[in-house]
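Undergrad: Have a look at this one.
The values are calculated or read from the model by the stated rules, or taken from the named source; none is laboratory data. Since we're looking at a predicted model, the values are computed, not measured. Cβ placement follows ideal geometry from the backbone for every residue including glycine, while neighbour counts extend to all protein chains displayed. Only protein heavy atoms, including side chains, enter the accessible area calculation; ligands, DNA and RNA are left aside. Shrake-Rupley method; radii C 1.70, N 1.55, O 1.52, S 1.80 Å.
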Amino acid sequence: DTEVTQTPKHLVMGMTNKKSLKCEQHMGHRAMYWYKQKAKKPPELMFVYSYEKLSINESVPSRFSPECPNSSLLNLHLHALQPEDSALYLCASSQDRSRGNEQFFGPGTRLTVL
Amino acid sequence: GEDVEQSLFLSVREGDSSVINCTYTDSSSTYLYWYKQEPGAGLQLLTYIFSNMDMKQDQRLTVLLNKKDKHLSLRIADTQTGDSAIYFCAEEIGGGADGLTFGKGTHLIIQP
């Protein structure tokens, strides 16, 4: 299994809603990542988890809250989002954080905030 | 800091070769990557090159690296309609594996 899966595929939420994005991999990877990709822009790193611990938070607002409950799962909890947070949210994983480890990306969750 | 530049569009005829260029600024980058993104999809890793290599070939794909000029290129031989996508070059942040910094992406357009 060389796949990163993400659910849901699409999500529409209001600014007062609480929702979660889920990411799963069964490749035994110990590094997992969240990226945000706005339309016609490159992906931008949000968070890095290494061995289930948060390693990097790229100055992301607290309305985005990541969680890594085990080595296969990565969640992104959303609360009180703004319309400008609408984007494609991509999850990725790699064997670990050492150099040269390929990052495998999921298909993304397309989020629309009304 | 890291900054990766690409031209935004490239138009080629089916059957011709496509060459997508990229420049980067972080001289400590050890690995450089090429990803492909089709409309509405995630990112697919195409290939990568280690910084001590000049060239890497993988079937229709050839990656050239000029480390002195910090220039990376991806050549796709015999371009097909299925190659139509956005191509991102990327480098490791801080020279390590703390995520990737992506270029803006080159939209490859195939003419029949």
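Undergrad: When only residues in the stretch A:1-43 that are in contact (Cβ under 8 Å) with a residue 12 or more places away in the chain, open to solvent by 90 Å² or more (accessible area, probe 1.4 Å) and within 13 Å of another protein chain (Cβ to nearest Cβ) count, which is farthest from A:Ser59 (Cα to Cα)?
TA: Selected residue: A:Thr2.
Undergrad: Could you list, ordered by first residue, the pairs with Cβ atoms under 9 Å in which the first is in the stretch A:59-74 and within 17 Å of A:Asp96 (Cα to Cα) and touching a residue at least 12 places away in the same chain (Cβ under 8 Å) and the second is small (Gly, Ala, Ser) and part of a loop (DSSP other than H, G, I, E, B), at least 6 apart or interchain?
TA: As it stands, the answer is A:Ser71/A:Gly28; A:Ser72/A:Gly28, since those pairs meet every condition given.
Undergrad: Right, next: Report, by residue number, each residue of the stretch A:4-45 that is under 23 Å from B:Val4 (Cβ atoms), assigned to a strand (DSSP E or B) and not aliphatic (A, V, I, L, M).
TA: A:Tyr33, A:Trp34, A:Tyr35, A:Lys36, A:Gln37, A:Glu44
Undergrad: Could you check the stretch A:85-114 and list, in sequence order, the residues that are under 25 Å from B:Ala90 (Cα atoms) and either more than 14 Å from chain B (Cβ to nearest Cβ) or open to solvent by 50 Å² or more (accessible area, probe 1.4 Å) (or both)?
TA: Pass one, the stretch A:85-114, residues under 25 Å from B:Ala90 (Cα atoms): A:85-111.
Within the stretch A:85-114, A:Asp85, A:Ser86, A:Gln95, A:Arg97, A:Ser98, A:Arg99, A:Glu102, A:Phe104, A:Pro107, A:Arg110 meet the criteria.
Undergrad: Restricting attention to the stretch B:1-31, report how many residues are in a strand (DSSP E or B), open to solvent by less than 60 Å² (accessible area, probe 1.4 Å), at pLDDT 90 or above and not hydroxyl-bearing (Ser, Thr, Tyr).
TA: 5
Undergrad: Would you confirm whether any residue within the stretch B:55-77 is at the interface with chain A (Cβ under 10 Å from one of its Cβ atoms), open to solvent by less than 60 Å² (accessible area, probe 1.4 Å) and not in a strand (DSSP E or B)?
TA: no
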